[in-house]
Every structure is written in C-alpha cells, then in structure tokens.
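The values are calculated or read from the model by the stated rules, or taken from the named source; none is laboratory data. Keep in mind that this is a model prediction, so the values were computed, not measured. Positions of Cβ are generated from backbone atoms using ideal geometry, with glycine treated the same way; all protein chains shown enter the neighbour counts.
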Amino acid sequence: MTAKSVAAGLTLSIITASAIVSAAHAADFDWKKFQGKTVSFLANNNPVSQTLLKHKADFEKLTGITLKVDMYQEQQMRQRLVTVMNAHSDEADVFMTLPSREGAQFAAAGWYADLTPMTKNEVAPDYDYAGLSQALLKAATYNGKLTSMPMNIEGPVLYYRTDIFKKCGVDQPKTIGDIEAAAKKIKACDPSITPFVSRGLKPALPYTFSNFLHNMGGSYMVNGKSALCTPKDKAALDTYSHLLRAYGPPGVVNYSFPQISALYRAGRAAMDFEASNELPTVMEGGARLKDTGLIPLPPGDGGQVPTTIGWGIAVSAYSKQPDAAWYFVQWATSPAVQKLMAVQGIAPPRSSVADDPTYRKWINEQPVRKEWQAALDVLASKGTSEVGYPIVANPQSREFIGQAVQSLILKEKTVDQACADADKALDALIAQK
Amino acid sequence: MVALESPAIRKPAETFGQDRQRLELAALSAPAVLFTVGMIAFPVIYTVWLSFQSFSSTGKQSFVGLGNYAHLISDNEFWHGLWVTLALYLLSLVLQLVFGVWLALVLFHAKRLSGIVRSLFISPFMMPPVVAGMMWLVILDPSIGAANYILTSLGLPPSDWLASPTFVIPTVALIDSWQWTPYVALIVLGGLQSLPPSVYEAAQIDGASPFKTFQRITLPLLLPTIVTATILRSVDLLRFFDIIYITTQGGPGNASNTLNIYGFRVGFEFFNIGYASALMLTLTAIVFGAVLAFNRLRNAVAW
C-alpha cells in the first residue's frame, strides 16, 4: 500500500468515525425523552404567547409532554410570578419574561435557571443557537448566565395613514420635527381625525417615550445621576408631551396599546406610534391593510436609536424538572416554530427565519408587511433595549418617568418643575441599593 | 380545709351533663375553628412581621422596626391616597344609599315585578368587577365610546371621563354605584318588608301625608337596615381596587390612587413588600375602625 492510500484510508475512517459519532450524538437527542411529564407554563396574554400556544398540540405530540398553561394579562402575570418565586414554589416551570424591564431584578434575585449549559448539551440538532439575535441574547445575559431565550423582536414603530397624508398634502416625516409639522397640518385639514396617538398611560409610556429620548440625543443617566433636566432630555419631555397634548386624542393619559390600536384600526387616527407586534391587531378586519405606511421613528438630533426589546422564555430556578422545561423552551424558540409564528405577525429574532422563502412570500404579499420588516431590520441593527433606567429598580424608575410626562400632558407642571421633581425621586431610587 | 364532698363543689347531674355536651361540641368544631383561626390569624401575623422588614429591589431583607411606619407618615403619596380613598368612599356611599333607598321604595310599592325585571336589578353586582371595569372602559372612551357619542348627539360637550383628573373620582363612583345600588336596594327592601304595618295604619288614621310618613316613620325605622347596608358597603368601598385597577391604574397622574392601589403597586410592581405590608395594615386598621364605629351607630338607632 502506498503512503497516499494509507493517508486516504486513514482520513476516510476518521471522517466516517466522526460522522458516526456526531450522528450518534444527534441521534442522542430524543424529543420524546421526557414523555409523560407535565411542564407548567406561566404566560403573558399578548400576541406572542397567543400565537405560540396556537401550536401547543404540536409540542405535546412531538414530545409526549403535557403542557399546562396559566395565562394572565401582563401585570397580573408579573404579580403572580413574583408571588410564586418569592415562595420558591415549583408551580411554574417555564415563564415569559421581559429582560429589558425585569431582567436585572430577577437575575439578582436568582429566579432564572442558567440556560448556558442546556444550549450546549441538550439541544436539538436543527436549533441553530448561533442564528439568534446576538443583541437580544446579550440583553438576556447577566453575570455570564444566559437567563432566557428570545421569542421575538419588537419595538415601537410609526404607523401612518398614507391616504390622509396624501389628502392633506403631507410628506412622510423624515425627522422628529416633521412629525409635529405633519400633525399640525392634518389637524387643520381634517379636524375629525386624531393627528397623533401614542401611549399616555403612566406605567406604559416609557416604552414609546424612550425612543423619542434616544433619537433626540438624550439619556436617562449621566455619571450615575438622573439626567432628565439636561437640555436634550427636557426637549424630549417637551416634544413628546406636547405632541400628545396638542394632537393626541382626548383622554390620552389613559391610553395604552389596546385603546391606541383600537383607535387606529377604526380609522380615527392619522399617526400611531405603537409596538410593532400590534400589526396583526391593527390589520384585523383588513380595513387598514391598504392605507397604512410604516417606518421606525424618524431620527432627531441624536440620530436613529430605536427601542428594541424582545420577550424571552425562561426556566424557573425552582423548577423540579428543568430539563423537561428546557425542551419546551427550545421548541418554542426553534427555527421551525418561529417560522410558523413569523407568518402570523410575530417578528422572529433569527435572521435565518427572516430570510426563509415562505416568510418572504408572506412579507411580499402586502406593501405594509414589507415596510414592517424593513423597520424591524433597522430595529435589529441599531436598537437599544433601554426602556427606563438601567438599574435593578427599573420598573419603579418607569413610574417617575411616567409621572413627569403625564404632568406635562395634563399641564400640571412646567417642564423644569417636572424634570426636577423626577430627578429628585430618581436620584433617591438610584442611591438605594 | 374544704371537704372533697362539700356541696359547693359537687355538681348536680344536669349541669355535669351540659358541661359534657359542651365539651363534645367543642371537640367536634375544633378542627373548623382551628382552620379558620389559622387562615385568618397566620396571614395577619405574617403581614405584621413583614411590615417590620425592609426589602431592597434585589430582594435583600433587613429588619427596620417601625421604619416603614415612620416613612408612611412622611410619605405624601400615602396622605394623598388616604384623601382619594375617603373622597371616593363618601361620594359612592352617599350615591348608593340615596338611590338604594329610593329603588327599594319603588320595588316595595310595585304591585307586580316580573322575574326579568328582578334579574335585571340583580345582574350588575353579579358581574365580575373586571368585566364591569372593561365594559365601562370601552363605553367611557372619549373618542370611540358610547357615552360621549350620546352626549354629543344630545348637543352636550363630551367629557374625558376616566382620563380627567377632576372627574375620574366621580366617574369611578358612578360605575361602582351602577354596580352596587341594587345590592343596597335589596337589603333595604328586606328591611322595608319587616316594618310593622300597625304604625302605618296609625299614621294613616292621623292623616299624615306620604312625605311625612316617609320622613317620620319609614326613615327612622329603616335606620338599622341602612346602617347595616352602610357597614357592608363601607368594607368594600374603603378597599376600592378592582374598577380603578382595570380602568386607570391610579391615574391620571395619581388622581385615583386609593390606598389599596398604592399598596398593591408598591408591593407587586416595585417589590417593596415591607412598606406595602405597612400600608395595607394601616388600611385594615381604618376599615376595622369604620366597622366598629358603624356597629356602635347601629346599636344607637336600634328599636
């Protein structure tokens, strides 16, 4: 035998051996490993979970695991979660979480199970961990522990009525200043339409307000202190509250996404700055399908820094069966399931799904869907997850931001008073460890 | 030295039998009593213990004694919450008592009342508060709600309803009164039906007008029933939560931030369980105090 043939034979046997080993390893992964077990899922009642749970039967058939679902409206779900976790109960094996809001807090309290080893060892061969949005994975990592897997990507986007814009001679806004100019023109042209609607409900408005703040070059904290009274922050407070006060619907201080989407869908608003995953709700019934344009918030003095967040699905640190729970988590965030959810309007946090031909076909069916995907691409590449202060007490910081904006909408305080009061309260909050 | 057989100590047979019966009854009801006491006492004691602790955002716990209560006294939000609670309580109570008594009188004097009408009267308070809240949130939406539609078609100016800092408390009082006036009416109706007819016959003979009859006879005799209804409603109204949480979450600003809403948010949204416990115990004390005061009043107006 020549050296060449020996080398060839050796290489071939090595390749075959490794192929057999990896095939054996892949064959090691058995979806039915935890057949007969029951995994309990504490879910939020929003479009993401609703769409996921439409395919619940698929999961149960694939794995033989029974899925018990407890679904609540967002704040009630959070309260239930806090109660269950404080009691160290194993009642919820898997739960939905929003890293941008509670990630730091829950991680510090030790409520998340570390998913890093699971993503390396017990994972299906087609899971494509590397294909997940690195930005969202980073946002869910605290002290080196991966706390949740991203289910979707979302952020506030500007829906606008192309037909009303045409009628009133308004161009697509290219800067934040253009939004105010457009609103003014539309109010003069058609007083029966609400020119601009966005969130005014105190705990909900930081989500949309943060985008204005960042686009206008402001930031919540500078050198460890609250910075709401800096010139750029004051400008953002003034712009956002003025838009809602002068051009928003009556009673906007109570408005969050349910009322906003209802108003826009009914054709009563010209511009709607709301979450991208409200697309299915807004398009329900088809009335707004043909006359809606969609862009990320136009840039301001600070450029274009869209708010980008994603819901995550996490395993409870107190679960008695984290491995079975992980099977549900990886199924829910697998490319196959995210592809199914994508064509129902839940934006996938995977570029591979976004490039998938079935999804592309769905996107290309309607111009507004193309614009939606284009806006999400901007969010995925340029986005920040900072909604509220980057501290553990993030939810409470949003309360003070909300109070400041609301007092301006209701004309109860001047901008200087509102920002000073908020800064005082927030500095006290930051100082609390 | 007392003889063992002295008559003062030896019991007659009957009382001994009675004691034994009491012991048996006590033994049989002991599990239920223990369970009830445990279910009520344990959470209260635990809450008291929690109110002496302070919880940081990361969940670190430390004993602060009366620190939470001291913070409560200096907390503007607490005093504002107390004011909102009392304002909402008084407004709702007056509305419900006045219209409840009126409705009870109407029902009492109605010759026949079909089952459908009776069911309609009962249905508001049978509705879960969440359903009622969501229903009114839609009806009272300033842009697409039915309420403003009706106002504008009658030529009246539209209102911000739940979004107005000035009108949110009266609006919430109206929603609660819509729900619970029939309940008050039913209680007062029961009271009306138990009034002695002899007094009315005497009044009629003496030639008293219907208004005088109502003012001098019906109302004073109804006072115990009305105070009972007041106690029952007070316990709920002082802890006002459901409607506000569904509709405004304490807003706009903090115009509808009752003590219960405030305590709930402090505990479950900001995770400051210690301070929330102190707030809730204060609220419990207020409710308790009100019930004790009204009980005294009821004894005073009893006949």
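Which pairs do you get when a residue that is outside any helix (DSSP H, G or I), found in region A:414-432, comes within reach of a residue that is surrounded by fewer than 19 Cβ atoms within 10 Å (Cβ to Cβ), reach meaning Cβ atoms under 7 angstrom, with the pair 6+ apart or on two chains? Hits for this filter: A:Gln432/B:Ser56.
Conditions (1) of a type outside the set (D, E, K, R); (2) within 14 Å of chain A (Cβ to nearest Cβ), marked per residue:
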residue: B:Gly65; (1), (2): yes, no
residue: B:Asp75; (1), (2): no, yes
residue: B:Thr85; (1), (2): yes, no
residue: B:Leu95; (1), (2): yes, no
residue: B:Gly100; (1), (2): yes, no
residue: B:Leu103; (1), (2): yes, no
residue: B:Gly115; (1), (2): yes, no
residue: B:Phe121; (1), (2): yes, no
residue: B:Pro142; (1), (2): yes, yes
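Scanning region A:141-197 for residues that are in contact with a Phe, Trp or Tyr (Cβ under 6 Å, 6 or more places away or on another chain), closer than 23 Å to A:Ser385 by Cβ and aliphatic (A, V, I, L, M) yields a count of 2.
Regarding A:Lys174, is this residue assigned to a helix (DSSP H, G or I) and away from every other protein chain (no Cβ under 14 Å)? The answer is no for A:Lys174.
Number of residues in region A:74-108 that are farther than 24 Å from A:Thr384 by Cα and either within 11 Å of another protein chain (Cβ to nearest Cβ) or in contact (Cβ under 8 Å) with a residue 12 or more places away in the chain (or both) equals 17. With respect to the stated conditions, B:Ser153 fails to be within 28 Å of the chain's Cα centre (by Cα) and polar (S, T, N, Q). Scanning region A:292-331 for residues that are hydrophobic (A, V, I, L, M, F, W, C), out of contact with any helix residue (DSSP H, G or I) (no Cβ under 6 Å at 6 or more places or on another chain) and assigned to a helix (DSSP H, G or I) yields A:Ala325, A:Phe328, A:Val329. Annotation for region A:360-383: at least one member residue is away from every other protein chain (no Cβ under 13 Å), under 17 Å from the mean Cα position of the chain (by Cα) and in a loop (DSSP other than H, G, I, E, B).
Of all residues in region B:52-78, those being in contact (Cβ under 8 Å) with a residue 40 or more places away in the chain and either farther than 24 Å from A:Leu426 by Cα or of a type in the set (A, V, I, L, M) (or both) number 3. Condition (residue is of a type in the set (A, V, I, L, M, F, W, C), under 30 Å from A:Gly200 (Cβ atoms), part of a loop (DSSP other than H, G, I, E, B) and within 14 Å of chain A (Cβ to nearest Cβ)) applied to region B:229-243: is it met by at least one residue? Yes.
Taking the conditions (1) within 14 Å of another protein chain (Cβ to nearest Cβ); (2) surrounded by 24 or more Cβ atoms within 10 Å (Cβ to Cβ) in turn, A:Leu201 satisfies each one other than (2).
When you go through B:Pro182, B:Pro157, B:Pro170 one by one, which is the residue that is outside any helix (DSSP H, G or I), closer than 30 Å to B:Ser256 by Cβ and either within 14 Å of chain A (Cβ to nearest Cβ) or at pLDDT 90 or above (or both)? Unique residue meeting the criteria: B:Pro157. Checked against (1) in contact with a Ser or Thr (Cβ under 8 Å, 6 or more places away or on another chain); (2) modelled with pLDDT of 90 or more; (3) surrounded by fewer than 16 Cβ atoms within 10 Å (Cβ to Cβ), B:Leu292 passes all but a single condition, namely (1). Set side by side, the residues A:Gly302, A:Gly285, A:Gly310 differ, and just one is at pLDDT below 95 and on the phi > 0 side of the Ramachandran plot, which is A:Gly285.
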